[in-house]
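A short write-up of the structure that comes next.
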Amino acid sequence: MKGILGKKVGMTQLFTEEGISIPVTVVEVQPNVVTNVLTKDKNGYEAIQLAAFDKKKSRFTKPELGHFKKADTEPKRFVKEFRNMQAELGQKVDLSIFEEGEFVDVVGTSKGKGFAGTIKRYNQHIGPKSHGGGGGSKPIRQTGSIGDISGNKVVKGMTMPGHLGHERTTVQNLEIIKIDLTNNILVIKGSVPGPKKSFLVIKESVKQAPKKAAEVLVDYSQTQSEEATNE
């Protein structure tokens, strides 16, 4: 299992040479640092701890600063464990672990929507808007019955109004369209969870989707240089 930490920049679109547009998400992936190596003898399982994106030292406690000092790195804002991934303490992990055309799973925190009713939260049916609809017995957007006639209880998991969003969300099998090692940019096909500037965990696809041939994209830098030459 291989993975890396990143930060969502936003969405845009790229074009293939055939003129097909591809909706993509741009992710900033600075080189991650291995801040801890967990072993089966000491911790009961094998894993490494990756950290990314610097943070002010004044925001950390002394034990936390000591933890990062062991890895000979600056204190980091985003820290996560990756099981069954091999690396040494203090080693840097960058986007070279992935290839264009490979599929990944992206884990993030979905956008918070605040308090929501059952229609928006669970896609329930709206009640009748005519023939007496809107009253106490025939609500339009209210929750209907929440229990059986017999049983005298509300069963666990009943769909009710409440907080929507701001949950750990995983989107599987997203294709890597482009990797820019110079600018630490990863371009992924489709959308990923969370708002702009939210942190993401990008890891090898669990479903082991077969790798595709990398998309041939329009090179705008080459087009602009040709236009400048013609002028």
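Would you check if there is a residue in segment 64-76 being under 29 Å from residue 175 (Cα atoms), modelled with pLDDT of 95 or more and in the same structural domain as residue 199 (by TED's automatic domain parsing)?
Kept after step one, since they are under 29 Å from residue 175 (Cα atoms), are these residues of segment 64-76: 76.
Among the residues that remain, those that are also modelled with pLDDT of 95 or more are: 76.
Then drop every residue that is not in the same structural domain as residue 199 (by TED's automatic domain parsing), which leaves 76.
Checked segment 64-76: at least one residue is under 29 Å from residue 175 (Cα atoms), modelled with pLDDT of 95 or more and in the same structural domain as residue 199 (by TED's automatic domain parsing).
Report, by residue number, each residue of segment 205-228 that is aliphatic (A, V, I, L, M), modelled with pLDDT of 80 or more and either under 17 Å from residue 24 (Cα atoms) or exposed (fewer than 10 other Cβ atoms within 10 Å of the Cβ) (or both).
213, 214, 216, 217, 218
Restricting to segment 1-32, and then to whatever is without any contact (Cβ under 8 Å) to a residue 40 or more places away in the chain and hydroxyl-bearing (Ser, Thr, Tyr), can you tell me which residue is surrounded by the most Cβ atoms within 10 Å (Cβ to Cβ)? Even if it seems obvious, please write down each step before you answer.
As a first pass, look at segment 1-32 and keep what is without any contact (Cβ under 8 Å) to a residue 40 or more places away in the chain: 12-13, 18-21.
Filter again for hydroxyl-bearing (Ser, Thr, Tyr), leaving 12, 21.
Values: 12: 11, 21: 9.
Filtering first and then ranking leaves 12.
I'm checking my understanding of the structure. Among residues of segment 41-95 that are under 22 Å from the mean Cα position of the chain (by Cα) and in a loop (DSSP other than H, G, I, E, B), which one is nearest to residue 185 (Cα to Cα)?
Looking only at segment 41-95, we keep the residues that are under 22 Å from the mean Cα position of the chain (by Cα), and these are 47-55, 76-85, 92-95.
Within this subset, residues satisfying the condition of being in a loop (DSSP other than H, G, I, E, B) are 55, 84-85, 94.
Values: 55: 20, 84: 25, 85: 22, 94: 10 Å.
The residue in question is 94.
Applying the selection to segment 126-176, what residues are hydroxyl-bearing (Ser, Thr, Tyr) and free of Cβ contacts under 8 Å to residues at least 24 places away in the same chain? Show your work before the answer.
Applying the first criterion (hydroxyl-bearing (Ser, Thr, Tyr)) to segment 126-176 yields 130, 137, 143, 145, 150, 159, 169-170.
If the condition is that a residue be hydroxyl-bearing (Ser, Thr, Tyr) and free of Cβ contacts under 8 Å to residues at least 24 places away in the same chain, then 130, 137, 145, 150 are the ones that fit.
The values are calculated or read from the model by the stated rules, or taken from the named source; none is laboratory data. Note that the structure is a prediction, hence the values are computed from the model and not measured. No Cβ is skipped: glycine too gets one built from the backbone with ideal geometry, and neighbour counts run over all protein chains shown.
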